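Everything on this sheet refers to the single structure shown next.
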Amino acid sequence: MADGSGDPAVFTCSSLPSDPRLLPTLTNAYLGTRLYRDILHVNGVYNGAAGDTHRADIPSPVNVRMMLPAVGSLAQTFTLNTQTGTFSHVLQSTDYAAIHQIYAHHSLVHLMAFSITIQRSALTTQPITVQLQTPFVPRSQDLDLHRGPDFQGAHYVYGQTLVPEVEGGPRPTIHMLWGPVPQSLTLGGEERERSWEFLTAVAESEEEAKRSYSQGMAMVATGSLHASHLHAWARLWQGCCVDLDGPLPLRQALYGCLFYLLSSIPPQENPGFLFHGISPGGLSNGTQGEDYWGHIFWDQDTWMFPNILLFYPEAARAILGYRLRGLEGALRNARDQGYQGAKFPWESAATGREVCPEEIYGEQEIHVTGDVLMAFEQYYCTTQGHSAVVCSHQNCQQHPRDQKLFREDGGWKLVGAVAQYWCSRMVWSQEEQCYHIKGVMPPDEYHCQVDNSVYTNAVARRSLNFAADVARDFSVPVPEEWVDCAKKVKVPFDREKKYHPEYDGYSPGEPVKQADVVLLGFPLMHPMSPEVRRNDLEMYEPVTERDGPAMTWSMFAVGWLELKEVQRAQSQLNKCFSNITEPFKIWVENSDGSGAVNFLTGMGGFLQAVLFGYTGFRITRSRLRFDPTFPDDIHRMEVTGVSYLGNKLKFTITRGEMGVQVTESPQDPPASSLEAVLEESGQRFPLCAGQSVSFPTAAGWIQRSPTTALQTGAREQQEHTEGGMLVEGQQ
């Protein structure tokens, strides 16, 4: 990568990519489409039974192209502005410009809008006409659509999905209103400039669709609709920023990843919004047969969630809410396979039941259950005492608000059900005197029906340890089975070669599809010595599929950064750039262009390599650890909006100095007082709202200050193990 100048948040070109899959996506948490595509999707609205369920295709009135009659000299530009969440197409002649803008409104999530503006730039009096092409036809292969009466000048259709996900299950109804689009628009000879705005409103009730359309049109009348969208994005970026003094391609990649991920999260200050998860290809994709049909995988919980949690715990909570609503389906999944507790589906849609088209994955790729619980654990550790959602329940004052999710909203039931599942899934080996988990598929999908996948067993152990911790916090008796299974589950380790075999019987050199064993170090933070961590990286790096899923190399980069091998880390992270397409920074799952497109999973991994790799951030039981390391071509790094225990933090890192500032510390409810502690010297730096502290760049952590630490207890013995490296075999 080379240094360059330019705005890293704005992607501009003069021609569109030939592959329509690589066009930018325009989504909010509820509604989304891909530019110039004739369908859009609604989050949580699927059609089809079980293995055939997919995002329901909804015809898109916003698929409009702008054209001008033949003129002599005409320039055009296409721009995606990630700061404003707006796509623009500009046609420019010597006498005038025509501007087409389109966006999915970030705060009014039931609205998509576009505008056409014609600006006269010369002293001419000729009328200027722009032609509009729209292939829109109100038909769908997934909905039984009917025409309703027009409403406030808008056309109206509504209809149900055709086939429920499970027999007798719900069939959502879609209601859509849209302003009719003419074939052309004309700026009169006496006019210098004019804009036309067109709205589409989509909701699952007629009342909401009409309310949203009316609200949007009222804002159009006052000229405030697009301004309110810009304001929502400005507030979003204000609380979430990663800025590097480094190569332009890296900065562009970061802005692109953040934009597409932030486009998927619920709007701020709307805790009642019912969120339905994030699929690998995002809301703009997921038609039958493409991009995993819009299903939700571990991709959400393991690869995307930590980045969202770091900045927006309220959005992270909404993701956990999706998993809580799927708990009954997960309980049923476990029963259907003959086990107790809850088994989360490998592929999830609306019900929490397994919807994977291929049975083997749903039966064997069971690590997803531990991945889901790891997201709950990370949320629990970063928000203790401070809920992301204000609670109005009468009993909320009886205990810290972060625990409401677990005590009152089903979290504890989920935690216990996952622990119960892992215990029922284990079998005792008399020969080895430990528990085995047999017949699974690891994250490495080149292998199936293996015993004791090291990742699966390690994440099961982490699930059980977390369940026991929460039980102790809640003064609930800890089932002896949880403790016994956590302590005695086999985590394969080769004592001679000092590395972790991927599973029982793995032979060094066997090809691996994607990041698997390397995930033990991060995000699992499974205790091991630096020697073992290095051996794992060196064992699996050369045998991992070079063109495999895009998130893989990010995790190798994190591992090498942990070991302060900066050049090796950078060589791994550079591999990710072969998955980023131009000009709109759309990620493809595999570097050969195959797989899911707008691959949010890969973006999530890339963001973690920077947000957790360069900074060394690690979320532990009672600390947010840091240990910065970054490449030679990065001179300064700012991470703004890090959320921890109710506070918002800004980290400024150079090679010689590190600064920490509390930028927000709410008083209602009051946030925990914090301090920074340096690991080697033990120096403590109180962190007060609005003030910055600086110290030499080194390893350390953020924690509650002693005045508030008593609320959680010291747990010094546990902290000794969770933050650092232990020698394998001392577990």
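The values are calculated or read from the model by the stated rules, or taken from the named source; none is laboratory data. Because the structure is predicted, anything quoted here is derived from the model rather than measured. A quick note on method: Cβ atoms are made from the backbone with ideal geometry, for glycine too, and the neighbour counts reach across all protein chains shown. To get the accessible areas, we keep the full protein, side chains included, count just its heavy atoms, and leave off ligands, DNA and RNA. Shrake-Rupley method; radii C 1.70, N 1.55, O 1.52, S 1.80 Å.
Overview of results
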read-out	value
Spatial separation of Cα centroids for region 563-636 and region 422-500, in angstrom	29
Rounded to the nearest 20 debye, dipole of region 87-236 from Cβ charges on Lys, Arg, Asp, Glu	340
Normalised contact order of region 77-127, rounded percent, pairs of Cα under 8 Å and 6 or more residues apart	28
Residues in region 486-527 that a label on Trp428 would reach, taking backbone N under 20 Å of a point 7 Å out along Cα→Cβ	486-491
Size of region 472-528 as Cα extents on the principal axes (Å, biggest first)	47, 21, 19
Kirkwood hydrodynamic radius over Cα pairs of region 1-55, then Stokes diffusion coefficient at 37 °C and 0.692 mPa s, in µm²/s	227
Global geometry of region 1-160, whether rounded, prolate or oblate, following the gyration tensor of its Cα atoms and the 1.5 cut on a/c	oblate
R0 of 30 Å, Cβ-Cβ distance Glu408-Asp52: FRET efficiency to nearest 0.05	0.25
Qualifying GluC sites (Glu not before Pro) in region 398-483, DSSP loop, other Cβ atoms within 10 Å at most 12	Glu431, Glu432
Taking only Cα atoms of the chain, radius of gyration then Dmax in Å	26.2, 93
Inter-centroid distance (Cα atoms) of region 43-95 relative to region 161-184, Å	20
Dipole in debye (nearest 20) - region 233-351, about Cα centre, beta carbon charges: Lys, Arg +1; Asp, Glu -1	300
Furthest towards positive pole of dipole, Gly521, Gly256, Asn535, structure part the chain, Cβ charges	Gly256
Convex hull per residue volume in Å³, alpha carbons only, for region 216-309	157
Assigned charges on the beta-carbon of Lys, Arg, Asp, Glu; the chain dipole about Cα centre (debye)	1380
Percent accessible area from carbon and sulfur atoms, the chain, protein chains only, probe 1.4 Å	48
Region 276-382: C-alpha gyration tensor shape, a/c 1.5 cut-off, then a/b vs b/c	oblate
Mean separation of Cα contacts under 8 Å, 6 or more apart, over the residue count of the chain: relative contact order %	11
Solvent-accessible heavy-atom area per residue, rounded to whole Å², over the chain at 1.4 Å	37
Region 284-319 versus region 197-213: alpha-carbon centroid distance in Å	25
Computed label-point distance, nm, for sites Thr77 and Gln567 using a 7 Å Cα→Cβ extension	4.1
